[in-house]
Structures are given as C-alpha cells and as structure tokens.
Amino acid sequence: MNTELHNPVPIKHKYFTPGVFVLVILALNGLVFLMGRFFFGLGAVTNLNNQYPWGLWIGVDVAAGVALAAGGFTTAALGHIMHKDEYHAIIRPALLTAMLGYTFVAIGVFVDIGRWYFIWHPLIMWNGNSALFEVGICVMIYVTVLYIEFLPVVTERFIGKVNLPGFFSGLNKIVDKFLRMLDKGLAKTMFIFIIAGVVLSSLHQSSLGTLMVIAGPKMHPLWQTPILPLLFLLSAISVGFPMVIFESLIASRSLGLKPEMHILSKLGSMIAPLLGIYLAFKIGDMFIRETFVYLTEVNTASVMFTIEMLFGVIIPLRMFLSTKVLKSPLFLFIASALVVFGVLINRINNFVVAYTPPYSTHSYFPSIGEISVTVGFVAILVLLYRFFVINFPVISLPGRQIAPQSKYTIRGVK
C-alpha cells in the first residue's frame, strides 16, 4: 500500500507552450462563429431548421458534456461518501473538470436556444410535467453546488496571502478574515453540498434519457427504449472513472508530472464491472425488444451502433480486465479514451443519428460554424483547466505542501 503523503499545490509550470497557442487559435475561431450566431441568428451559423431543432451543440456540448463531467459526482461518492481516503488526490482535479464541464454545458444550452435572452424563464415559469425542465433546474443547481465545492480550493490558495495593491491594501486583513470565516463555514456544511451534488447529478443524467423517450417513433429502434433513462445513468456512471484517468494522464504528460499509477490502477479495476452492468442491460433490452434484427441492415444507424458498442464498451471492458493494462499508463489511457469515445458516440447517436423527424426532406449534418464553436469550447475548457492547476492547489504532489494552510480546509468528509 502506498502511504506517501500527497498534498494539493499549484503546479510550477509555464502556461504558454506551442500546444497552448494552437488551443488559443481554435478558441478564437470558435468565438468568431459564436459572435455570428448572436449577431445574425442560428440560421446564419448552423444547419438547424424547423425539422431539426437540435444538432451537434445539444448532442455534444450538452448531452455528452453532462455525461463526461460525471467524474465529479462519481469521485465525490467514492472519496467522501464511501470514505475511500486513498482516492482524495484525484477528487480536486475531477471536481475542477466537472465544474468547467457543467459551466460549458450551461453555455451550450444558452447558445443553442433561439431566444437566448429568455434562458432565465425556467426559474420562474415552472412546468413540473417537463423532463427538460427537470434537467434545466438540476443542472443550474448542480453548477452552483460545484462552485461551492470548489470554494475551499480558493480559500486555501489565498488565506494568509491576501496582498491587495495600493489603495486597497487596507482591506487585506478584512478579506483574509472573511476567507477564514468562509473556510470554517464550508468545513462544517460541505457534506450537505457533496450529497446534494451526487443526488442532483444522478437525477439529470437519467432525465436526459427521458427526454429522448418522449421522441417516440422519431428515434431509431436501436436506441429508442423505455429504459433509456437507466441506460443514460449507467453509462454516465461507467464513464466517470475513465474520464478521471483520461484527464489525469493528459495533465501529467502536459505538466511534466509523474502519473499517479498507484491510484489510477485501482480506479481502473472498478471500471470493468460498471461497463459489464451497462452492457448487460443494453443487450438484455435488445433481446427483449428484438431490435437486434436492425443490425442485419447495413446503414448509418447499424454502423454507428456497432462502433459505439464494440469500441466504446466491449473492447475497453476486456482491456480493463487485464492486469497488464491496469499497470501500463499507455494501455490504461487507451482503454479510458475508448470509454470516453463510446459515451461521446452514444450521445451523438441518441440525439443526432437516431433522431429522424417525420416528413424530413433531407438529413442533418453539422455546419463548419457548429463544429468550430464546439471545438472552440473544448479548447477554452482545456485552457481554463491549465490556468487553474497552475495557479490553485488542485493537483496533489507527493511530499509537497503549500504554506500555510487553513486548519479548516476540507480534506474529506468524515
């Protein structure tokens, strides 16, 4: 058992690299098309119309974004609620990924709505019969919870280090005292927000599936099923740990850090049972509804379904059962990337490929503008993640400690 002490610290590493400059260019390109969307409307940038009211932005930026941010609530449940203290080193990076991911999910909804200036309506115009309303309210509350959960990282970073310049220097003691009071209050109440976050995330993960059940015959039978909410929840839980491993290995490589294989390997050993449960429900549902007959047809739906299941579930499931894979950073990264790819394809399949409106005269394919905005959002998310880990105590390093830490800073919920 590894007993080496790990403490979160800001990573001393230069921010700008050739890869960062590429991300900046992609982000700026996406922002240009985003400005076009707000100035000239959805029709000027997207291929959406009355027959296809949603496309890439909902399928990837929202549905896939929500699923891929599931590492936040799965690691919170593992480290805090189940008291697995050895996994605390990965909780903060997973929390940061979830916080940024859900922020861009909310922005994605904002961008995709035709009358974007009415996005506040669900706050006061409640419709308890709407699955989308439940998703919207849960996401809004969960985003707030994620930012509250991240506050201890902010207080830890600035307690004892407040140094406002010039005229504002007289506020240094007041701000520091406020941060200490905030940190103390968070330490006593954080368990409420952690439990709320796990519950809220479970609710809206499944409700996204409910949204597509309502589509009825507009969806291809390979994906349309009454248990779609359960499948959405199970797939989100299954991708939580692979996303944490995926993000951790990329961050380690980018920042020149040694991968925490003693943690990631144990995390990887939990993934195969989760994928197995998801696969069992998926196959069982297909045989009960006899939808496997659609796989005998060679078309876009059958090909995409095969890619989703083979490369996104079956192959990584077999890989995670191998001890060699669990001990190898490269193989562990490939297996995790395949699960992330599988869930991404699953959401695209459900919201874009499987959806065919009645009387449609042509098929939908995302425009250059839609692709550019989505790629730009991903680039901005990565840039923000890099900024936070360089300037805030997010990533844990062995035998390192920032000084001085507040005695109230949360390390776990006991």
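Candidates Asn29, Asn49: the one that is part of a helix (DSSP H, G or I) and either free of Cβ contacts under 8 Å to residues at least 40 places away in the same chain or not β-branched (Val, Ile, Thr) (or both) is Asn29. For Ile250, the conditions (1) touching a Phe, Trp or Tyr at 6+ places or on another chain (Cβ under 9 Å); (2) surrounded by 18 or more Cβ atoms within 10 Å (Cβ to Cβ); (3) assigned to a helix (DSSP H, G or I) all hold with the exception of (2). Of the residues making up segment 319-356, just one is closer than 13 Å to Lys266 by Cα, in contact with a Leu (Cβ under 9 Å, 6 or more places away or on another chain) and of a type in the set (Val, Ile, Thr), namely Val325. Answer yes or no: is there a residue in segment 184-197 that is in contact (Cβ under 8 Å) with a residue 24 or more places away in the chain, in contact with an Asp or Glu (Cβ under 7 Å, 6 or more places away or on another chain) and closer than 21 Å to Ala63 by Cα. Yes, segment 184-197 contains at least one residue that is in contact (Cβ under 8 Å) with a residue 24 or more places away in the chain, in contact with an Asp or Glu (Cβ under 7 Å, 6 or more places away or on another chain) and closer than 21 Å to Ala63 by Cα. Look at Ile283 and say whether it is over 30 Å from Phe16 (Cβ atoms), among the β-branched types (Val, Ile, Thr) and surrounded by fewer than 17 Cβ atoms within 10 Å (Cβ to Cβ). It is true that Ile283 is over 30 Å from Phe16 (Cβ atoms), among the β-branched types (Val, Ile, Thr) and surrounded by fewer than 17 Cβ atoms within 10 Å (Cβ to Cβ). In this structure, Ser302 does not qualify as closer than 24 Å to Phe331 by Cβ, among the hydroxyl-bearing types (Ser, Thr, Tyr), touching a residue at least 40 places away in the same chain (Cβ under 8 Å) and assigned to a helix (DSSP H, G or I).
Any residue at all in segment 310-324 that's within 19 Å of the chain's Cα centre (by Cα) and surrounded by 22 or more Cβ atoms within 10 Å (Cβ to Cβ)? For segment 310-324, residues within 19 Å of the chain's Cα centre (by Cα) and surrounded by 22 or more Cβ atoms within 10 Å (Cβ to Cβ): present.
The number of residues in segment 91-132 being assigned to a helix (DSSP H, G or I) and in contact (Cβ under 8 Å) with a residue 12 or more places away in the chain comes to 26.
Taking segment 253-269 as the range and being part of a helix (DSSP H, G or I) and among the aliphatic types (A, V, I, L, M) as the test, the residues that pass are Leu255, Met261, Ile263, Leu264, Leu267. Among residues of segment 352-368 that are assigned to a loop (DSSP other than H, G, I, E, B), those with a Cβ under 6 angstrom from a residue that is of a type in the set (Gly, Ala, Ser), sequence gap 6+ or separate chain, pair up as Tyr364/Gly55; Pro366/Gly55. Within segment 309-351, restricting attention to residues that are among the polar types (S, T, N, Q) and not in a helix (DSSP H, G or I), the residue that is farthest from Leu208 (Cα to Cα) is Ser328. Which one of these is under 22 Å from the mean Cα position of the chain (by Cα), more than 30 Å from Ile195 (Cα to Cα) and among the aromatic types (Phe, Trp, Tyr): Trp116, Trp54? The match here is Trp54. Checking the stated criteria, Ser201 turns out not to satisfy the condition of being crowded, with 23+ Cβ neighbours inside 10 Å, closer than 20 Å to Ser302 by Cα and in contact (Cβ under 8 Å) with a residue 60 or more places away in the chain.
Just checking, which of Pro18, Pro10, Pro53 is out of contact with any strand residue (DSSP E or B) (no Cβ under 7 Å at 6 or more places or on another chain) and closer than 30 Å to Ser360 by Cβ? Result: Pro53 is the single residue among Pro18, Pro10, Pro53 that is out of contact with any strand residue (DSSP E or B) (no Cβ under 7 Å at 6 or more places or on another chain) and closer than 30 Å to Ser360 by Cβ. When restricted to residues that are surrounded by fewer than 17 Cβ atoms within 10 Å (Cβ to Cβ) and of a type in the set (D, E, K, R), segment 128-156 contains 0.
Which is outside any helix (DSSP H, G or I) and among the aliphatic types (A, V, I, L, M), of Leu222, Leu234?
Result: Leu222 is the single residue among Leu222, Leu234 that is outside any helix (DSSP H, G or I) and among the aliphatic types (A, V, I, L, M).
Going by the structure shown, is Trp57 at pLDDT below 90 and of a type in the set (A, V, I, L, M, F, W, C)? It is false that Trp57 is at pLDDT below 90 and of a type in the set (A, V, I, L, M, F, W, C).
Screening Val162 on (1) farther than 30 Å from Leu233 by Cβ; (2) modelled with pLDDT of 85 or more; (3) not in a helix (DSSP H, G or I) shows it passes everything except condition (2). Screening the candidates Pro221, Pro226 for the property of being without any contact (Cβ under 8 Å) to a residue 60 or more places away in the chain and surrounded by fewer than 16 Cβ atoms within 10 Å (Cβ to Cβ) yields one hit, Pro226. In segment 259-277, of all residues being of a type outside the set (A, V, I, L, M) and surrounded by fewer than 17 Cβ atoms within 10 Å (Cβ to Cβ), the one that is farthest from Leu338 (Cα to Cα) corresponds to His262.
The values are calculated or read from the model by the stated rules, or taken from the named source; none is laboratory data. Just so we're clear, the structure is a prediction, and the values are computed from it rather than from any experiment. Note that each Cβ is placed from the backbone with ideal geometry, even for glycine, and that neighbours are counted across all protein chains shown.
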